[in-house]
Each structure stands twice: as C-alpha cells, then as structure tokens.
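Everything below concerns the one structure shown next.
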Amino acid sequence: MLKDGKPFSAADVPRSGAIGAAGLELIKSFEGCVLDAYQDVVGVWTIGYGSTGAHVYPGQSITQEQAEALLKKDLERFEAAIGWMVTAPINGNQRDSLISFAFNLGEGALQGSTLLWRLNQGDYAGAADQFPRWANAGGEQLAGLVRRRKAERSLFLSQNYTQYL
C-alpha cells in the first residue's frame with residue numbers, strides 16, 4: 001500500500017481511538033441500559049450499559065446520565081486495549097466491532113483468541129469467521145450472543161449489521 005507515494009506500515013494506520021457511532025449503537029443495543037444493579041446470566045453484578053466491577057453492588061441505582069458516563073469511562077479501557085493488541089491495519093468498523101467484542105467478553109478473551117491471532121496475521125476473513133465461536137455464556141449458547149456476534153462480524157466486514165440489533 002502507498003501513502004503519498006510512499007510505502008506505509010500498520011503503524012501508519014490508527015488502531016486505537018474513540019469508538020465510532022456504529023460501535024456505540026451496537027453496544028448500547030445489545031447491553032441495554034439498566035439503572036438498577038442486577039446479576040447477569042453468569043452472576044456478575046452489572047449496571048448501566050453492562051458496567052461491571054467493584055463499583056457495582058446489590059441495591060445500587062444510577063441515573064441515565066451516570067450510565068452514559070460509566071459507559072464512556074468503561075469504553076476508554078477497551079479502546080486502549082485494541083490499540084495495543086491489534087498490530088494489523090484496521091478500519092473504523094473493524095475497530096468498533098473489536099471494541100464491542102472486548103467490552104462484552106473482556107480484553108483477556110480477545111487477547112488469547114484465534115480471532116486476534118488471525119487478524120494480526122493479516123487474515124481478515126479468517127478473523128471474521130471467529131466471531132460466531134464466542135456465543136456461549138455459562139456453558140450454553142445464547143441467542144442474544146449469537147445475534148451480537150453476527151452483528152459484530154457484519155460490522156467488522158463493513159456489512160449491514162443493523163439487521164441483528
């Protein structure tokens with residue numbers, strides 16, 4: 001590939017940065033916004049748009065504004081993680097889909113995945129084909145995760161992802 005008539009490398013293509021509108025729409029659609037703390041399908045205390053961690057506790061309630069702020073703060077961690085994990089050139093849609101994937105499963109799942117390995121080898125189609133393998137929670141395949149992985153894969157491939165929302 002050439003940039004201004006000169007060869008350029010993966011280092012010239014931004015892999016990190018704020019999530020785009022498509023990725024944010026995908027995450028918000030699948031996570032939903034719950035203003036009262038609840039346990040997810042595997043028993044993790046969750047609030048807002050899927051926020052988890054020591055700051056979430058039983059009986060906790062937040063406002064919509066707090067949920068938006070929590071999501072923004074949570075996403076910063078995943079945006080940064082994609083920036084250092086991904087070494088292959090990616091576009092904004094690919095970055096957004098990977099941020100959604102990591103947000104849902106955790107950075108560790110992506111870091112040790114065949115999806116990331118294939119992507120970093122430049123095998124974009126092979127990486128895309130890995131999304132459906134990550135549709136289980138608590139040992140069971142969940143319809144919502146099947147749809148989410150289809151949406152993430154479609155966004156990764158710059159296809160119509162909204163049909164799965």
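The values are calculated or read from the model by the stated rules, or taken from the named source; none is laboratory data. Fair warning: this is a prediction, and the values are worked out from it, not measured in the lab. All Cβ positions, even for glycine, are placed from backbone atoms using ideal geometry, and neighbour counts span all protein chains on display.
Picking from 100, 61, which residue would you name as being of a type outside the set (A, V, I, L, M), out of contact with any Ser or Thr (no Cβ under 9 Å at 6 or more places or on another chain) and under 14 Å from residue 18 (Cα atoms)? Before the answer, list the steps.
Details: 61 fails: under 14 Å from residue 18 (Cα atoms).
After applying the criteria, what remains is 100.
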Identify, from the list 90, 99, the residue that is in contact (Cβ under 8 Å) with a residue 60 or more places away in the chain, crowded, with 20+ Cβ neighbours inside 10 Å and out of contact with any helix residue (DSSP H, G or I) (no Cβ under 6 Å at 6 or more places or on another chain).
-> 90
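Among the residues of the range 20-59, how many are touching a Pro at 6+ places or on another chain (Cβ under 7 Å) and at pLDDT below 95? Don't jump to the end; show me each part of the working.
From the range 20-59, those touching a Pro at 6+ places or on another chain (Cβ under 7 Å) are 37, 45; that's our starting set.
After this cut, where a residue has to be at pLDDT below 95 as well, the list is none.
Residues meeting the conditions: 0.
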Looking for whichever is farther than 21 Å from residue 39 by Cα and either within 15 Å of the chain's Cα centre (by Cα) or buried (at least 20 other Cβ atoms within 10 Å of the Cβ) (or both) here; the options are 145, 116, 75. Which one fits?
-> 116
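Filter the range 125-142 down to the residues that are part of a loop (DSSP other than H, G, I, E, B) and either more than 16 Å from the chain's Cα centre (by Cα) or surrounded by fewer than 16 Cβ atoms within 10 Å (Cβ to Cβ) (or both), then identify the one that is modelled with the highest pLDDT. First the steps, then the outcome.
The initial filter retains those residues of the range 125-142 that are part of a loop (DSSP other than H, G, I, E, B), namely 129-130, 135, 138-139, 142.
Still in the list and also either more than 16 Å from the chain's Cα centre (by Cα) or surrounded by fewer than 16 Cβ atoms within 10 Å (Cβ to Cβ) (or both): 129, 138-139, 142.
Working: 129: 98, 138: 85, 139: 90, 142: 94.
Among those residues, the one meeting the criterion is 129.
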Those residues of the range 58-72 which are under 22 Å from residue 43 (Cα atoms), hydrophobic (A, V, I, L, M, F, W, C) and either out of contact with any Lys or Arg (no Cβ under 9 Å at 6 or more places or on another chain) or surrounded by fewer than 12 Cβ atoms within 10 Å (Cβ to Cβ) (or both), in sequence order | 62, 67, 70
Residue check, residue 62 under 12 Å from the mean Cα position of the chain (by Cα) and at pLDDT 95 or above | no
